[in-house]
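Structure first, then comments.
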Amino acid sequence: MLPELKDIANLNVLVVDDTEANVVFLRMTLEAAGLKRIFSASNGLEAVAHCASHPTDLIILDLHMPRMDGFQTLEALRPHREGFLPVLVFTADVSSAARRRALDLGATDFLTKPGDVIEIGLRVKNFLEMRLLFLASVNQRELLEVKVKERTKELHEAHVEILARLAMAGEFRDDETGEHTKRVSDLSGKIAIAAGLNAETANIIRYGSLLHDIGKIGIPDAILRKRGPLLVNEREIMMTHTDIGAKLLANSRSPFLRMAQEIALTHHEHWNGQGYPRGLVGELIPISGRIVAIADAFDAMVSNRVYHEAVPIRTAVAEIVNCSGTQFDPKLVQIFLAMMADRMNHQELLAA
C-alpha cells in the first residue's frame, strides 16, 4: 500500500543553500506540495549539526557554498545516512564532473537551478514515499526482531522448565521436593561465574547441572533409599548412575543436554583420580564436572536425606576444604570457600 499524503506531510525536509532566495523558493514550493516540516541551513556545517540533533527524512543540497561545500557535506553526512536517507542535489553546476563526484559521495538525484516548481514537487514526493516505505520496513524488521526475541525467550524458559521437571522426576525417589537439584544448579552457576567462565557457559552449566543425577532413575529403591552404609556390591550398582545418566542424555543437539551429559558422567570424578566412572585425573575432568562435584557434595551434606541428617554449613564447608586436592579441584575449592565465607558472615549478621 502506497504511503498517504498526510504521512508525507509530516516528514522532515532540510534545505541547505547559502542563497536566501533559493531557500525561500524551495520552502514555498514544498509548502505548496503539502509539506509542513521544512528546515533550512546556510552551509554544510549547519546541515551536519542539524542532522546530528534532529530527525531528517530528505535533504535538498546546494553544491557550491562557503565554509563547507556540498561535496564536503555529503562526505560529512555519511554517518547520519545509515539506511535510506535521500539527498536531492539542487545546483546550477550541470557539469558531468560535478554530477559524477556527487553521485560517488552518495547523492540520490539532481535538480538544476532555477528549477521547475512542478518537477521539484513530484521529485520530492517520490523520494519521501520511498523514505516512508524504508521506515516502514525498518519498523517491521524491528517488530519481527522483538517477536523473535520474545519467542526465543519463551522457548528457553520452556526448555529450562522441562529440564527442571525431568530433574525432579529423576530425584523424586531420593528427594521428593526436587530442591536438591535446584540448589546444586544455582550454586554451580555461581561457582562458574566466580571461576571466570563467561555468562553463556556458566548459564549452560547451571541448567545442565539440573540433570546431574538423572541416572538414579535406573537404581533400585532398595539401594537408593537404603538407610545406612551400602555394601560393596550395592555401592557398585549405585556408581552406575553416572553411566546411566550419560546414556540417557547422549546424542542431543541441545547445548544444555550435551552439558548435562558431560556433568552426569563426570561429577563423581576426583581430582586425584580415585573417583568414578573413568578415574580421570585433575584437569582431564571437565570443569563442569569439577564445579558440580563441589556443589553436589556440599548440598548433599547440608540437606536431610533418608540415609543421613543434615550437618551445619560450617561443617560441610570444612569437609570440602579437607578434600581439596584429593576429591576436589583446589582452585575451585578456594573460590567456593570465598563465596561461602561471605554467605556465612551474612547469616551470622542476620542471627545477631
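The values are calculated or read from the model by the stated rules, or taken from the named source; none is laboratory data. What you are looking at is a predicted structure, and each value in this text was computed from that prediction instead of being measured. Positions of Cβ are generated from backbone atoms using ideal geometry, with glycine treated the same way; all protein chains shown enter the neighbour counts.
For beta carbons closer than 7 Å, sequence separation of 6+ or different chains, a first residue in the range 84-97 that is surrounded by fewer than 17 Cβ atoms within 10 Å (Cβ to Cβ) and a second that is aromatic (Phe, Trp, Tyr), the qualifying pairs are PHE84/PHE134. Against the conditions (1) modelled with pLDDT of 85 or more; (2) not assigned by TED's automatic domain parsing to the domain that holds ILE287, GLY208 satisfies every one except (2). You will find that of GLU82, GLU75, the residue that is farther than 22 Å from LEU133 by Cβ and either in the same structural domain as LEU135 (by TED's automatic domain parsing) or in a loop (DSSP other than H, G, I, E, B) (or both) is GLU75 and no other. When THR56 is tested against the conditions (1) surrounded by 14 or more Cβ atoms within 10 Å (Cβ to Cβ); (2) more than 19 Å from HIS80 (Cα to Cα); (3) of a type in the set (S, T, N, Q), the lone failure is (2). Contact annotation: residue pairs with Cβ atoms under 6 Å, 6 or more positions apart or on different chains, pairing a residue in the range 220-238 that is more than 15 Å from GLU171 (Cα to Cα) with a partner that is part of a loop (DSSP other than H, G, I, E, B), are ARG227/TYR307.
Return yes when ARG141 is surrounded by 12 or more Cβ atoms within 10 Å (Cβ to Cβ) and among the basic types (Lys, Arg) and no when it is not. Judged against the criteria, ARG141 is not a match. Test ILE263 against the stated conditions and say whether it is under 18 Å from THR201 (Cβ atoms), in contact with a strand residue (DSSP E or B) (Cβ under 6 Å, 6 or more places away or on another chain) and in a helix (DSSP H, G or I). For ILE263, the condition - under 18 Å from THR201 (Cβ atoms), in contact with a strand residue (DSSP E or B) (Cβ under 6 Å, 6 or more places away or on another chain) and in a helix (DSSP H, G or I) - is not met. When GLU176, GLU150 are screened for being exposed (fewer than 12 other Cβ atoms within 10 Å of the Cβ) and at pLDDT below 75, only GLU176 passes. In the set (1) in contact with a helix residue (DSSP H, G or I) (Cβ under 7 Å, 6 or more places away or on another chain); (2) surrounded by 19 or more Cβ atoms within 10 Å (Cβ to Cβ); (3) more than 20 Å from LEU284 (Cβ to Cβ), LEU230 fails one condition alone, (2).
Would you mind finding the one in ALA107, ALA102 that is touching a strand residue (DSSP E or B) at 6+ places or on another chain (Cβ under 7 Å), outside any helix (DSSP H, G or I) and at pLDDT 85 or above? Lay out the reasoning, then the answer.
Details: ALA102 fails: outside any helix (DSSP H, G or I).
ALA107 is the lone residue from the list that is touching a strand residue (DSSP E or B) at 6+ places or on another chain (Cβ under 7 Å), outside any helix (DSSP H, G or I) and at pLDDT 85 or above.
In this structure, LEU30 qualifies as within 24 Å of ILE118 (Cβ to Cβ), outside any loop (DSSP other than H, G, I, E, B), modelled with pLDDT of 90 or more and out of contact with any Ser or Thr (no Cβ under 9 Å at 6 or more places or on another chain). If I go through the range 21-35 residue by residue, how many of them are surrounded by fewer than 18 Cβ atoms within 10 Å (Cβ to Cβ) and either under 22 Å from LEU77 (Cβ atoms) or under 41 Å from the mean Cα position of the chain (by Cα) (or both)? Of the residues in the range 21-35, 1 are surrounded by fewer than 18 Cβ atoms within 10 Å (Cβ to Cβ) and either under 22 Å from LEU77 (Cβ atoms) or under 41 Å from the mean Cα position of the chain (by Cα) (or both). Kindly provide the set of residues from the range 39-72 that are in contact with a strand residue (DSSP E or B) (Cβ under 6 Å, 6 or more places away or on another chain) and part of a helix (DSSP H, G or I), ordered by number. The answer is ALA47, HIS50, GLY70.
On the stretch given as the range 4-20, residues that are part of a loop (DSSP other than H, G, I, E, B), more than 41 Å from the chain's Cα centre (by Cα) and not acidic (Asp, Glu) total 1.
Taking the criterion of being part of a helix (DSSP H, G or I), of a type outside the set (Val, Ile, Thr) and surrounded by 14 or more Cβ atoms within 10 Å (Cβ to Cβ), the residues of the range 283-317 that qualify are SER288, GLY289, ARG290, ALA293, ALA295, ASP296, ALA297, PHE298, ASP299, ALA300, MET301, ALA316. Selection within the range 99-137: residues that are aromatic (Phe, Trp, Tyr) and within 24 Å of VAL24 (Cβ to Cβ). The member of this set that is surrounded by the fewest Cβ atoms within 10 Å (Cβ to Cβ) is PHE110. Residue count for the range 192-206, restricted to those that are of a type in the set (S, T, N, Q) and without any contact (Cβ under 8 Å) to a residue 12 or more places away in the chain: 2.
Within the bounds of the range 207-215, is there any residue that is free of Cβ contacts under 8 Å to residues at least 24 places away in the same chain, part of a helix (DSSP H, G or I) and either surrounded by fewer than 24 Cβ atoms within 10 Å (Cβ to Cβ) or of a type in the set (Asp, Glu) (or both)?
In the first step, residues of the range 207-215 are kept if they are free of Cβ contacts under 8 Å to residues at least 24 places away in the same chain; the result is none.
No, the range 207-215 has no match at all.
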